[in-house]
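Q: What follows is a single structure, and I will ask about it in a moment.
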Amino acid sequence: MSDAPVLLAMEGDVAVVRLNRPDRLNALTPDMLDLLAATLRRAAEDGARAVLLTGEGRAFCAGADLTASVGMRDSGESLRRHYNPVIATMAELPIPIVSAVGGAAAGAGVSIALAADIVVMAQSAYLLLAFANIGLVPDAGATWLIGKAAGRAKLLEMALLGERLPAGEALEAGLVNRVVEDGALADVAHGLATKLAGMPTVALGLIRKQVGAALSGTLAETLEIEADHQSIAAKTEDCREAIAAFLAKREPHFTGR
Ligand code: T3D
């Protein structure tokens, strides 16, 4: 296997993107973050219709690599240059993302896991906003992602106490979508990514975009965006195919166009 810190493998229409520094629990370096953003963009440009994002080894991602001079550089600048573009790329990608979280998702690794559309966790996995434990504040969108999904009380608890949130509690808090037996993680996550890759890709991309906009916008703005997006979606080949299949009482075949 390649020793690149981020691996990409196409499995049918699913781009499997793997964080690959298992001996450091996939801790993030600036180069790795840049490669992750570039890999996600390339997967979409090359025609992938869904992404499965996961980590190699016993963790999803342990956040910033603490051996790589956090504290000696301008961390705000590091976030703006390397971390924020990953989260922005994930938000703007035109295809859906499933994250498969085994073991730890800590620090900025929490944000990368939760910035996916569907988050699947292994039973023994956990989320850890480790920042306050080392005198830092949540970053890479964690404050927004957790606040929007789970609300103020859970966000403050996780951010201030810096304790592990087990998968079952993450599910109860509305932070993730599925918790499965450890041995089933890869199959369940891959199954969801494969299902998404076979769906009407243009509509899924628009749904991602309008959900993001709705969470930050007003009802009036959302109504407008929905109308704009429906104009586009209703003209796709996949929409025509779905309606023809419905009327002919057969299964649709979606091409992503
Ligand atoms: O300037 C900037 O870039 C600012 C940006 C900040 C963003 C952030 O993400 S800050 C938060 C950074 N992350 C953390 O604080 C988490 C640190 N890690 C841990 O707390 C623990 O490792 C875990 C709770 C995640 C897992 O614990 P455990 O007991 O399962 O594993 P371990 O033994 O601690 O780790 C295994 C190895 O991975 C170990 O190396 P060794 O002893 O086998 O040589 C450990 O040092 C290494 N490792 C784990 N996390 C990191 C790491 N190495 C570098 N950076 C890490 N974040």
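The values are calculated or read from the model by the stated rules, or taken from the named source; none is laboratory data. The model shown is predicted, which means the values in this text are computed figures rather than measured ones. Quick reminder, even Gly has a Cβ in these numbers, built from the backbone with ideal geometry, and neighbours come from all protein chains shown. Each accessible area value is taken on the protein alone, full model and side chains, heavy atoms only, with ligands, DNA and RNA left out. Shrake-Rupley method; radii C 1.70, N 1.55, O 1.52, S 1.80 Å.
Q: Which numbered condition in (1) more than 16 Å from the ligand (Cβ to nearest atom); (2) surrounded by fewer than 23 Cβ atoms within 10 Å (Cβ to Cβ); (3) in contact (Cβ under 8 Å) with a residue 24 or more places away in the chain is the only one that Glu45 fails?
A: The single condition Glu45 does not satisfy is (3).
Q: If Phe254 meets every condition in (1) touching a residue at least 12 places away in the same chain (Cβ under 8 Å); (2) open to solvent by 80 Å² or more (accessible area, probe 1.4 Å) apart from one, which number is that one?
A: Against the list (1) touching a residue at least 12 places away in the same chain (Cβ under 8 Å); (2) open to solvent by 80 Å² or more (accessible area, probe 1.4 Å), Phe254 comes up short only on (2).
Q: Let me ask something else about it. Do we find a residue being over 13 Å from the mean Cα position of the chain (by Cα) and under 27 Å from Gly191 (Cα atoms) anywhere in the range 61-80?
A: yes
Q: Can you find even one residue in the range 99-121 that is among the aliphatic types (A, V, I, L, M) and surrounded by fewer than 19 Cβ atoms within 10 Å (Cβ to Cβ)?
A: No, the range 99-121 contains no residue that is among the aliphatic types (A, V, I, L, M) and surrounded by fewer than 19 Cβ atoms within 10 Å (Cβ to Cβ).
Q: Criterion first (within 25 Å of the chain's Cα centre (by Cα) and modelled with pLDDT of 95 or more) does His253 satisfy it?
A: no
Q: Next question. Between residues in the range 23-39 that are in contact (Cβ under 8 Å) with a residue 40 or more places away in the chain and outside any helix (DSSP H, G or I) and residues that are more than 7 Å from the ligand (Cβ to nearest atom) and among the aromatic types (Phe, Trp, Tyr), which pairs lie under 7 Å by C-beta distance while being six or more apart or on different chains?
A: Going by the 7 Å Cβ cut-off, the qualifying pairs are Asn26/Phe60.
Q: Further question on the same structure: Among what's in the range 53-87 and is open to solvent by 40 Å² or more (accessible area, probe 1.4 Å) and more than 10 Å from the ligand (Cβ to nearest atom), pick the residue that is nearest to Arg164 (Cα to Cα).
A: In this case the residue turns out to be Glu56.
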